[in-house]
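To start, the structure under review is shown below, and the notes come after it.
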Amino acid sequence: MQPENFRFGGGSTDTILHPIVLVAMLIAVILAFVLPRKYLVVPFILSTFLIPQGQQLVVGGFHVFALRIIVLAGIARMFFSKRPAGENVLAGGFNSVDVIFFLWVTLHALSFILLYRATGAIVNQAGYLWDELGSYIILRFMICDEEDVERAIKCFAFLAVVLAACMVREQLTGLNVFGLLGGVNVISEVREGRIRSQAVFQHSLLAGTFGATAIPLFVYLWKRGKQKLLAVCGAIGATVMVATASSSTPVMAWMAGIGAVFLWPLRKRLRMVRWGLVAMLLSLTLVMQAPIWFLIARVSVANGSSSYHRAMLVDQFVRHFSDWWLVGTNENQKWGFDMWDTSNRYVEEGETGGLAALICFVGLIYLNFSRIGTARKMLEKDRKHEWMLWLLGAAFFAHLVAFWGISYFDQTRVTWFALIAMIVATTAPVLRQSSVLQDKTGNSNLTVSRRSYAAVGLPSTNTSGLYNKYKK
C-alpha cells in the first residue's frame, strides 16, 4: 500500500502520476545531466509535449507537476555546466528581452498575491514562477545558435506528426489516447456535432494553435535545405492538427502565419503596410455603429464558434478599466455572462496582472519584433539569413493572432518561450556585430558585409560567419 502523501496512478482526468509517465520523466531528468548541451533541447521539448500537463506527484500535500521536475533538472544542469571564463550562460547575454520577460512574470505573481492576500496565493504563484521563469530560462540556455534552433524545430515537426495521428484517431473513435495516462479527458469534446480533438493538450484550441503557429517554423526548416522531408511532414501534421481541433482560432492563426510568410516581397515596405492598416481601422471606426473590436464577432470559420463572446470580452474589459488597471481583478464574472472565461490573451494580461503587466507584455512583443527587424535590415545582402529571420517573425505574428482567441495555460506556453529564445539566439550575433561597427564608424545605418568590416579595419568575413556556434 502506497503512502498517502506520495501516490502514483492514472487513467482518468485526475492528476496522479502514471507509471509510464514516471519512467519518461526519469529518462528526461537523467538525459538533462548526461547529454551535451546542444542536445538538451530534444528531451526537454519531447517530454514537455508527450506528457499531459496534469500529471503530477503529490508529496507532503504539495502537487509537483512532471514538467516542473524536468524544468528543475534543466536549471540544475545549467548552473553546474562548465563554461570557459567570461562566456555567457545565455545566447547574447542577459538582454532587454530577458529583463522585460522577468518583469512581466513577476508583476503577474505580485498582482495575484495582492489580489487574493492568502498563503495559498503565495504557494500558487511560486508554482507559476517555477513554470514560467524556469521554462523560459532553460530554453534560453539550450537554444544558443542556428543549429539549436533547427534542432528544436525538428522536435516540433516530429511532435506535429505524432500528435496529428493521435488527433485523427480521436476523430475516428471519440477517445483521446493521452486520457488513458490521466491529466486530460478520455472522451473527446463534441460541439455542433463535430469532435474537437485535443491530444495531450488541455483544450482543443491549444492543440490546434500548436499546429497553426508552427507552420512558419517548418518553412524555416525547408529553407535551411537539410530536412525537407521532415519539414513537409511537419507542415502536413500541423495542418491536420488545425483541422481536427475544429475551432476558429487555430484556423485564423494558421492563415496569419502563412499570410505573413507570403508578405516577404513587402518586407521593405512594412512601415507603409502598418500605417495602411491603422488608416483602415480608423476609417472603419468612423463608419461602424459598434466599437472596432466587434469585428472579432464577424470572424467565424467553424461551427459553434464563440467569436461574439470574445468581442464582448474585449468590450467589457475596456468598459471596466477601473476594475483591473491596478492589480487585475477577480470579479470579472460580474461583468456579464461567461465573462470569467478570458479566452483572449490580451484581456487575460490585464485582468490577471493589471495595466503594468499588460504594458510589459506589449513591450515584450515590441522588443522581439524590433530585434528581428533590425537584424534583418543588417543582413539584406544575405538572403538566406534574412529569410530565416522573416520566418521567425511570421511564427511570432501567428501567435499574436492566436492570442485574440485563446490564452495559453498548458505546455503550449513552451512553444511561445522557445520562439522567443530562437529569436534572441539568431539575432544576437548580428546585433552584437552591428554594435561593434556603429562604435567604430558612428553610423547607425550599416549593413553587415565584407565592405563594412574592411571600412573599420576589422578582419574580412562573410555574414554566415556571424552564426558560428557559441562555445559549449
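The values are calculated or read from the model by the stated rules, or taken from the named source; none is laboratory data. Predicted, not measured: the structure shown is a model, and the values here were computed from it. With ideal geometry, Cβ positions are generated from the backbone for all residues, glycine too; neighbour counts draw on all protein chains shown.
Of all residues in segment 168-192, those being in a helix (DSSP H, G or I) and either touching a Gly at 6+ places or on another chain (Cβ under 9 Å) or within 30 Å of Lys38 (Cα to Cα) (or both) number 3. A single member of Thr244, Thr213 is at pLDDT 95 or above, touching a His at 6+ places or on another chain (Cβ under 9 Å) and buried (at least 22 other Cβ atoms within 10 Å of the Cβ), and it is Thr213. Counting residues in segment 124-134 that are more than 15 Å from Ser247 (Cβ to Cβ), at pLDDT below 95 and either among the aromatic types (Phe, Trp, Tyr) or in a strand (DSSP E or B) (or both) gives one or more. Taking every residue in segment 155-180 that is among the aromatic types (Phe, Trp, Tyr) and pairing it with any residue that is modelled with pLDDT of 95 or more and in a helix (DSSP H, G or I), at least 6 positions away or on another chain, the pairs with Cβ-Cβ distances below 6 Å are Phe156/Ala214. In segment 348-398, which residues are surrounded by fewer than 18 Cβ atoms within 10 Å (Cβ to Cβ) and aromatic (Phe, Trp, Tyr)? Within segment 348-398, Tyr366, Phe369 meet the criteria. Considering only residues in segment 1-53 that are outside any helix (DSSP H, G or I) and of a type in the set (Ser, Thr, Tyr), the one that is modelled with the highest pLDDT turns out to be Thr15. Of everything in segment 181-199, what is of a type outside the set (Val, Ile, Thr) and free of Cβ contacts under 8 Å to residues at least 24 places away in the same chain? Give them in sequence order. Within segment 181-199, Ser188, Glu189 qualify.
Name the single residue, out of those in segment 182-210 being in contact with a Pro (Cβ under 6 Å, 6 or more places away or on another chain) and among the aliphatic types (A, V, I, L, M), that is surrounded by the fewest Cβ atoms within 10 Å (Cβ to Cβ).
Among residues in segment 182-210 that are in contact with a Pro (Cβ under 6 Å, 6 or more places away or on another chain) and among the aliphatic types (A, V, I, L, M), the one surrounded by the fewest Cβ atoms within 10 Å (Cβ to Cβ) is Val184.
The residues of segment 344-359 that are out of contact with any Lys or Arg (no Cβ under 6 Å at 6 or more places or on another chain) and within 17 Å of Asp410 (Cβ to Cβ), listed by number, are Arg345, Glu348, Thr352.
For Leu466, the criteria (1) surrounded by 19 or more Cβ atoms within 10 Å (Cβ to Cβ); (2) modelled with pLDDT of 55 or more hold in every case but one, which is (2). Taking the conditions (1) over 30 Å from Gly354 (Cα atoms); (2) of a type in the set (S, T, N, Q); (3) surrounded by fewer than 17 Cβ atoms within 10 Å (Cβ to Cβ) in turn, Asn176 satisfies each one other than (3). Of the numbered criteria (1) within 26 Å of Gln202 (Cα to Cα); (2) of a type in the set (Ser, Thr, Tyr); (3) in a helix (DSSP H, G or I), the one Ser370 fails is (1). Listed by first and then second residue, the pairs with beta-carbon distance under 7 Å, at least 6 apart or on different chains, first residue in segment 200-222 and in a loop (DSSP other than H, G, I, E, B), second of a type outside the set (A, V, I, L, M, F, W, C), are Val200/Pro52; Phe201/Asp410; Phe201/Thr412; Gln202/Gln53; Gln202/Asp410. For residues that are buried (at least 18 other Cβ atoms within 10 Å of the Cβ), in a loop (DSSP other than H, G, I, E, B) and touching an Asp or Glu at 6+ places or on another chain (Cβ under 6 Å), tally how many sit in segment 282-340. Looking only at that region, the number is 2.
For segment 260-309, residues that are closer than 30 Å to Leu392 by Cβ and polar (S, T, N, Q) total 3.
Which pairs have Cβ atoms under 7 Å, sit 6 or more apart or on different chains, and link a residue in segment 322-349 that is without any contact (Cβ under 8 Å) to a residue 24 or more places away in the chain and farther than 22 Å from Gln202 by Cα to one that is in a helix (DSSP H, G or I) and among the acidic types (Asp, Glu)? So the pair list comes out as Glu331/Asp323; Asn332/Glu351. The one condition from (1) in a helix (DSSP H, G or I); (2) loosely packed, with under 14 Cβ neighbours inside 10 Å; (3) basic (Lys, Arg) that Arg77 does not meet is (2).
Do we have Phe102 as surrounded by 14 or more Cβ atoms within 10 Å (Cβ to Cβ) and either modelled with pLDDT of 95 or more or farther than 30 Å from Ala207 by Cβ (or both) here? Yes: the conditions hold for Phe102. For Lys381, the conditions (1) in contact with a helix residue (DSSP H, G or I) (Cβ under 6 Å, 6 or more places away or on another chain); (2) not in a helix (DSSP H, G or I) are fulfilled apart from (1).
Can you go through Arg310, Arg274 and tell me which one is basic (Lys, Arg) and in contact with a Ser or Thr (Cβ under 7 Å, 6 or more places away or on another chain)?
Among Arg310, Arg274, only Arg310 is basic (Lys, Arg) and in contact with a Ser or Thr (Cβ under 7 Å, 6 or more places away or on another chain).
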